[in-house]
Structure formats: C-alpha cells, structure tokens
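Asker: Structure in structure tokens, see below.
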Amino acid sequence: MFRLRMFSATLIVLLLLISLGTATADDPQYGGTLVFGAESMGDSFDIGFWHGFGGVHVIDTIGEGLVRADFENGGALPGLAESWEISDDGLVYTFHIREGMTFHDGEPVTAAAIVRSMKRPVNPDDPSYIEGMYMYGNQGTGNWESLEAVDDYTVVLTLMQPNATQLLVFSRPDGVIISPKALDEFGTEVGLNMSAAGPFKIERFVPGQEAVLVANEDYWAGRPYVDQIVIRAFPDEAAVLAALEAGEIDMTLYAPFTSVPRLQDSDTIRVEVGAPLVDLFVGANVAKEPFDNLLLRQAVNYALDRETLIEAGLNGFAEMPASLLGPLDLGFDETGRDVSVYDPDRARELIAESGVDMPLAIEVAYENNRFWPQLAELVAADLEAVGFNVTLDRLDAGSFWGKVGDGQTQLSLNQRSTFVPDPHDKAILMSRAGAEGSQTQHQALEAVDEIDALVTAGISTVDTVERVAIYEEFQALMLEHLPYIYIGYLTPPIFVNARVQNVETFGTAGGRINLREVWLSE
C-alpha cells in the first residue's frame, strides 16, 4: 500500500513558496482549451507499442480500461467496470460493466467488445493484429487461462496462477479498451484512428507534432470541464520554457528544473512538486567488461555524491535513494540508504581490491535531453575523482536505446517511472525474461535465478505481509549485486499556468497525467 512520506526540508520550503495561490474558492467552470507541452509525439497511438511520453499522455486522456489506478492510495478505482469480485484463490476475476456506455465512434461498450480488445495481442486472426505488440506483455496474457463475456455486461477472467498486480495492470496505457468498430475498420492502422471510451476523444492528430482532443459529452463519469486539450511536442526544454512563459502552453512536466527559481516570482505560472514515483539510476552492463566485476560496480556506487547530484543536477527535486523500489512502494526498505551512500575512500579501496589498472577508461551513455546531460557531467566528475577515465556518450533517444538493446553500453543513465502503484512495476526490470536488451544484461549475474524467483514470487503472492517480506529480500539482493546504482527518487516540478485548477499530482509525477477533473478559472 502506498504511504505518504515527507519530502526533504528543501522541497517542503520550495513547495510552500511556489504553490501559494493554488487554492481557489471558485466553483469549477466548464469551457476553454488547455495546452499541454510534451517532450515528444510519436507517429501512432497504438497501445501495443511505446511511442514516447507524449503518446502516453494522449492515451491517458482519451482512454479507459476496466479500472483506473489510485496512485495516492495504491488501489484500483472503477473504470469501464463499475465493480468486480475476485475469487478466494485469486484466480477468477468477475467484472461488471457499466450499462449504456459508448465508444467515441458511437459503438456500444459491451462485455464482448471489451474481450475483443483485450484478446487483440493473442489473436493473429484479428484484422488489427500486429506481430510483436510488446507493450501488451504488461497485461499478463501468458497467465490467462480464459477470458469470456458471459453476458452483455459481465467479463470473467480466469488465471492459471494468482497475480497480485492483475487488477492494476488493466489501468496501464496498454490496458485501454479499443472500439471493435475501429479495430475492424482500420485494422493495423488503428493507432492512427483510435476510438476508446475515455473523457476526451481525438479530433485531429498530426504525427510527430500534436494531438487535438475534445471533451467526450457521453463519458460515463460526466463531461469533463475543459472543452479541448492540445498535447503538443516541443524539440527541447528551452522551447518548452519559452512557450510556457509566453502563455502558449498551460501545463508541462518538461520545462528545465533550473527555471523554477525565476518562475517563483511569476504571476501567471505556479510549480507543484510531484511525489517520488520515478527512480533515477546508473545501469551497469554486468555482461561486459569492466562492470562484470562486482567490486567495480560497488566502487561506482560509493563514488557518487548523491547530495550534489540532486542539488546541482536536479535543482533539489529528488529524495536520497535506497533501492530500486521507491519510498511509496509496498515493502520499501529505507535501510538501503546505508548502501547508496557517498564514500570515495571506500570506492578507491574497492578499485584497488579489484586489481584493475588505473586509470580505467570507461564510457557513460545517456540521452541528450532534459536533465541527463548535466547529471552525466556530474557523474563523470565523481568517477574521475576516484580514478576512472570517463568518456561521455551523448545520444539521441533512438540511438541510446539502440545501443542499450545491443548490449554495447558500459554504464548508462536512465529512469523507471511508476505506471501502476505496485512494486512489481519496478521489480519486473530484473525479470530474466527482460534481461536481454536491458541496460544491465542481468542474465549474466550469478544470482539471476534467485532474483527471478523473487520477482515471480512477488507477483504470484497475494498476501500483503508475505509480499512485503519478498520485496525486502529483493531489495537486499539488488543492493548486494548492484546491477543498478541509484541516484535518487525524482520529485518532479509540474509547471502549471495559474488558471489551471485541480491538478492531480500523484500520477502526473510518474508520467500518467489525469486531466478528467482539471478546469480553467478564466
């Protein structure tokens, strides 16, 4: 279960300074256009594939799954299903679908339509089927024994093994239900013609640039307040900031963190501090020299000055790390902070113990966007201070992930967002099934069987107390082997025009924006 924890004193003071005036006594108003600034916009919204965060923001705004995620409290909220029951053995889920709902194209939302959409990734005969729709793997389809529409408004899912996250994964972007009419009419091009059942629907899409969304008058929870939402991609943080200050966008996650101090004095912009739902880390390729050597991974861990990385690289918008799990996750063990600590003398001792000749030439890869270049410079300085000779490999996003996927990185900087409020969402990174093509190539670890068993146990165990014990053991094992070296838990600034009211910051902090209840005060 999620549990609220205090941010650092710096962030509390900052939040108090920059959020004055966010409360309003006005009643919510209907109307207006909200423009959201995104860091990218893909060429499709097909939920079977990753199209960047801009695409996820669109899917979250137009889509609806069986349930929605409650990021603040860690549970599931009703979506297309108004209620559900789970059998005592955790194998049978019975969903009761709301009556009278329609998709954006007018097609009725029925149990049969929902089952059709959910079976899309495992039905090669479906006209919309595309081989390799990897995002659907998050839905746990390999563990489904059967999925049936037993009547017009009842869906029954039977699992082969219990899955503690099965309910919550239906709230993911890849859990959005697509109209059968759209699947039939557009086939493999349905991603360019998405028809879902969420609070907004697509009016216009310019691939790579923007999506224009309009309020769904027939949304089951009632028409949203805002008439129109434009989600627009910008080439870099500077362009996002310029558009924000010019009043061209109303909300973004992607303005530079360095702009916060000056925006504190703005009459038209406020900054809200998000929850720590995103892990930042250094991934070590354990299958490739020199970081197949545990002593060198440990040396990197102790070489990093997290306080400086957070203050200078992230402008204070992070909490000190402990492990792969975050402070709001079930089973989080804060004692990991005793390992994720700055100790350069210990780093030098470990390097000497490794027997490696110094200075050792290494390469650090990272994406050429957001705060990554600054963080990379600081990481390099810390590593060079203990004897490494660092080359920085600055790559565009496509080149970065291509190099990671080919297993050619040594160290790489990246993050893990929280797409569902469950620790498995991060633990799955260490699953053997996803090892090849990962940042760490962790199939090479001696402990891979033990780690994989804990990941499997964490998802197949439904008892909360037992899951806590599993994830505590998982965190300890990860810290023992250090395929990931932790930088911090991001508490991101959310940049909002003063006229935008009722922003939900929990899911937004993890990249899952929720604009259902947002309204404009003018």
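The values are calculated or read from the model by the stated rules, or taken from the named source; none is laboratory data. Here the structure is a predicted model, which means the values were calculated and not measured. We place every Cβ from the backbone using ideal geometry, glycine too, and count neighbours over all the protein chains shown. These area figures cover heavy atoms from the full protein model, side chains too; ligands, DNA and RNA do not enter into them. Shrake-Rupley method; radii C 1.70, N 1.55, O 1.52, S 1.80 Å.
Asker: By how many degrees, between 0 and 90 and to the nearest 10, does the Cα long axis of helix 464-481 differ from the longest principal axis of the chain?
Answerer: Taking Cα atoms only, the helix is inclined about 40 degrees.
Asker: On to the next question. Over the Cα atoms of the stretch 169-221, how large are the radius of gyration and the largest Cα-Cα distance (Dmax), in Å?
Answerer: Taking only Cα atoms of the stretch 169-221, I get Rg and Dmax of 11.8, 31 Å.
Asker: Using only DSSP helix segments of four residues or longer, with each worth -39500 (n - 2.57), what per-residue ellipticity at 222 nm results for the chain after dividing by its residue count and rounding to 500?
Answerer: It comes out at -7500 deg cm²/dmol, rounded to the nearest 500.
Asker: Another one. Determine the alpha carbon to alpha carbon distance for each of K119/K403; K181/K426; K119/K201 and list only those over 28 Å.
Answerer: The answer is K119/K403; K181/K426.
Asker: What would the Debye equation give as log₁₀ I(q)/I(0) for the stretch 44-203 at q = 0.09, 0.14 Å⁻¹, counting only Cα atoms as equal point scatterers?
Answerer: Those come out to -0.25, -0.65, one per q.
Asker: Ok, one more. Binned at 10 Å from 0, what are the whole-percent values of the Cα-Cα distance distribution for the stretch 111-184, short to long?
Answerer: Percent of Cα pairs in each bin: 18, 55, 26, 1.
Asker: Here is a further query. Within the set of other residues whose C-beta is less than 10 Å from the C-beta of L263, count the net charge using Lys and Arg as +1 and Asp and Glu as -1.
Answerer: So the surrounding residues net to 0.
Asker: What does the charge count near K181 come to, summing +1 for each Lys or Arg and -1 for each Asp or Glu among other residues with Cβ under 12 Å from its Cβ?
Answerer: -3
Asker: Rounded to whole Å, give me the distance from the Cα center of the stretch 105-184 to that of the stretch 383-427.
Answerer: 32
Asker: Equivalent-ellipsoid semi-axes (√(5λ), Cα gyration tensor) for the stretch 29-118, whole Å, largest first?
Answerer: 27, 17, 16
Asker: Additional query: On the protein heavy atoms, probe 1.4 angstrom, tell me the percent of accessible surface of the stretch 166-214 carried by carbon and sulfur.
Answerer: Here carbon and sulfur together make up 47 percent of the probe-accessible area.
Asker: Turning to a different aspect of this structure: What number does the stretch 426-473 give for Rg over Rh if you use C-alpha atoms and the Kirkwood radius?
Answerer: Rg/Rh: 1.00.
Asker: Same structure, new question: Between the helical axis of 448-460 and the dominant principal axis of the chain, each derived from Cα atoms, what acute angle in degrees is found, rounded to the nearest 10?
Answerer: 30
Asker: Antiparallel versus total DSSP beta bridges in the chain: what percent is that, nearest 5?
Answerer: The answer is about 75 percent antiparallel.
Asker: Okay, next question. When the label point is put 7 Å from the Cα of A498 along its Cα-to-beta-carbon vector, which residues of the stretch 262-282 have a backbone N closer than 12 Å?
Answerer: Once the point is set 7 Å along Cα→Cβ of A498, 264-271 turn out to lie under 12 Å by backbone N, inside the stretch 262-282.
Asker: With every atom except the alpha carbons ignored, what do you get for Rg and Dmax of the stretch 130-286, in angstroms?
Answerer: Just the Cα atoms of the stretch 130-286 yield Rg and Dmax of 20.4, 59 Å.
Asker: Based on the Cα gyration tensor of the stretch 304-364, what are the three equivalent ellipsoid semi-axes, each the root of five times an eigenvalue, rounded to whole Å and given largest first?
Answerer: 27, 16, 10
Asker: What is the angle, in °, between the Cα long axis of helix 372-385 and the longest principal axis of the Cα atoms in the chain? Nearest 10 is fine, range 0 to 90.
Answerer: Taking Cα atoms only, the helix is inclined about 20 degrees.
Asker: With a probe of 1.4 Å, find how much accessible area the chain has per residue, and write the answer as a whole number in Å².
Answerer: 38
Asker: Rg to Rh ratio, the stretch 203-268, alpha-carbon atoms and Kirkwood radius?
Answerer: 1.07
Asker: List the equivalent ellipsoid semi-axes of the stretch 260-350 in whole Å, largest first, each obtained as the square root of 5λ for an eigenvalue λ of the Cα gyration tensor.
Answerer: 31, 16, 12
Asker: Sticking with this structure for a sec: Around D152, under 15 Å between beta carbons, what's the net of Lys plus Arg minus Asp minus Glu among the other residues?
Answerer: -3
Asker: Please compute the alpha carbon radius of gyration of the stretch 292-403, then divide it by the globular-protein estimate 2.2 N^0.38 Å. Two decimals is fine.
Answerer: Normalised by 2.2 N^0.38 Å, the Cα Rg of the stretch 292-403 equals 1.13.
Asker: Continuing with the same structure: What per residue convex hull volume, in Å³, do the alpha-carbon atoms of the stretch 369-476 yield?
Answerer: Measuring per residue, one finds 138 Å³ for the Cα hull of the stretch 369-476.
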